[in-house]
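A.B. asks: Okay, here's the structure, questions in a sec.
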Amino acid sequence: SLFDFKKKLRKKKYDILYISHSVQNVHHNFRNILCGEKSLVYYERVKKIFSNLSIDLKARITHKPYPLSKSAGVSLTLESYCKNEFNNFKKTLSRETDALDCIVRSKFCIIDHLSTSFWQALKSEVPTLCFWHQDMHQLDDRFNGYFDELINANILVTDFNNINEMIYKNFKNPNEWWNTKEVLSARERFLKNNLAEANIMVNKILKFTK
């Protein structure tokens, strides 16, 4: 990839960084699946997850909201919808703050949607839990096993009934979990198979020009 997916790790500033996504006003948007009726499902799911977290844990969370400049318009933001659940967060950052810069300064990341931020966290080797809303973000049948390794390693979460337990368990010692043999192998294989270095991508592009 030619996209900037990785930066050098920095001095840790955030215990838990929570990166949220955005819904769209329009009924259907090819750039964002969280539009129309799916928006409310997503809001309700996030609300339920954070309502079950302890106040002490939420007090260690820094929230990085999705930039409104990249959306097609939002009538009701996630922060407004989940006001009570987010009220005890340590801090909410500016929407336009660079997500990757925050990721490399974090001890642990929670990302509530498959997005660029998830790839950045994975590539930057920051302990991360990401929510995969399979009912909204469906894969073509040919690729049903695409994320299996990440799911089995509890990096990608599909069972939202047990997600709070996973957050508590992994946050106790995120680096220990992140560097277990199973998790390390899963993320290394996934990145190797799906996110080539820039020079490899450039060479592939150049082949098409010959």
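The values are calculated or read from the model by the stated rules, or taken from the named source; none is laboratory data. Being a predicted model, the structure only gives us computed values, none of them experimental. Because the Cβ atoms are built from the backbone with ideal geometry, glycine has one as well, and the counts that use them run over all protein chains shown. Surface areas here come from the heavy atoms of the whole protein model, side chains and all, with no ligands, DNA or RNA. Shrake-Rupley method; radii C 1.70, N 1.55, O 1.52, S 1.80 Å.
A.B. asks: Looking at (1) closer than 25 Å to Tyr43 by Cβ; (2) in contact with a helix residue (DSSP H, G or I) (Cβ under 7 Å, 6 or more places away or on another chain), find the lone condition where Ile151 falls short.
C.D. replies: Going through the list (1) closer than 25 Å to Tyr43 by Cβ; (2) in contact with a helix residue (DSSP H, G or I) (Cβ under 7 Å, 6 or more places away or on another chain), Ile151 breaks only (2).
A.B. asks: Examine the range 108-123 for a residue that is more than 14 Å from Thr62 (Cα to Cα), hydroxyl-bearing (Ser, Thr, Tyr) and open to solvent by less than 30 Å² (accessible area, probe 1.4 Å), and state whether such a residue exists.
C.D. replies: Yes; the residues of the range 108-123 include at least one that is more than 14 Å from Thr62 (Cα to Cα), hydroxyl-bearing (Ser, Thr, Tyr) and open to solvent by less than 30 Å² (accessible area, probe 1.4 Å).
A.B. asks: Say we look at the range 37-53 and pick out the residues that are in contact (Cβ under 8 Å) with a residue 24 or more places away in the chain and outside any helix (DSSP H, G or I); which of these is surrounded by the fewest Cβ atoms within 10 Å (Cβ to Cβ)? Lay out the reasoning, then the answer.
C.D. replies: As a first pass, look at the range 37-53 and keep what is in contact (Cβ under 8 Å) with a residue 24 or more places away in the chain: 38, 41-43, 45-53.
Next, only the ones that are outside any helix (DSSP H, G or I) stay: 52-53.
Values: Asn52: 12, Leu53: 19.
It comes out as Asn52.
A.B. asks: A follow-up question, please. Any residue in the range 121-147 that's under 17 Å from Phe171 (Cβ atoms): show its pairings with residues that are of a type outside the set (A, V, I, L, M, F, W, C) and assigned to a strand (DSSP E or B) at Cβ separation under 8 Å, as long as the two are six or more apart or on different chains.
C.D. replies: Ala121/Thr128; Val126/Ser106
A.B. asks: Could you identify the single residue in Lys181, Lys172, Lys123, Lys107 that is among the charged types (D, E, K, R) and touching a Pro at 6+ places or on another chain (Cβ under 9 Å)?
C.D. replies: Working: Lys181 fails: touching a Pro at 6+ places or on another chain (Cβ under 9 Å); Lys172 fails: touching a Pro at 6+ places or on another chain (Cβ under 9 Å); Lys123 fails: touching a Pro at 6+ places or on another chain (Cβ under 9 Å).
Just a single option satisfies the conditions, and that option is Lys107.
A.B. asks: For the range 89-101, state whether one or more residues are within 18 Å of Ile163 (Cβ to Cβ) and either open to solvent by 20 Å² or more (accessible area, probe 1.4 Å) or at pLDDT 85 or above (or both).
C.D. replies: Within the range 89-101, one or more residues are within 18 Å of Ile163 (Cβ to Cβ) and either open to solvent by 20 Å² or more (accessible area, probe 1.4 Å) or at pLDDT 85 or above (or both).
A.B. asks: Is there a residue in the range 116-123 that is modelled with pLDDT of 85 or more, closer than 20 Å to Ile16 by Cα and among the basic types (Lys, Arg)?
C.D. replies: Yes, the range 116-123 contains at least one residue that is modelled with pLDDT of 85 or more, closer than 20 Å to Ile16 by Cα and among the basic types (Lys, Arg).
A.B. asks: What number of residues within the range 135-156 are more than 27 Å from Val104 (Cβ to Cβ) and exposed (fewer than 14 other Cβ atoms within 10 Å of the Cβ)?
C.D. replies: First, the residues of the range 135-156 that are more than 27 Å from Val104 (Cβ to Cβ): 135-136, 138-145, 148.
The next check asks that each one be exposed (fewer than 14 other Cβ atoms within 10 Å of the Cβ); those that pass are 135, 138-145, 148.
Total meeting the criteria: 10.
A.B. asks: Are there any pairs with C-beta distances below 6 angstrom linking a residue in the range 157-172 that is closer than 16 Å to Asp135 by Cα and open to solvent by less than 40 Å² (accessible area, probe 1.4 Å) to a residue that is of a type in the set (Val, Ile, Thr) and part of a helix (DSSP H, G or I), with the two at least 6 apart or on different chains, and if so which?
C.D. replies: Close Cβ pairs (under 6 Å, with a partner that is of a type in the set (Val, Ile, Thr) and part of a helix (DSSP H, G or I)) amount to Val157/Ile163.
A.B. asks: Exactly one of these conditions fails for Ser80: (1) of a type in the set (Gly, Ala, Ser); (2) in contact (Cβ under 8 Å) with a residue 12 or more places away in the chain; (3) closer than 17 Å to Arg45 by Cα. Give me its number.
C.D. replies: (2)
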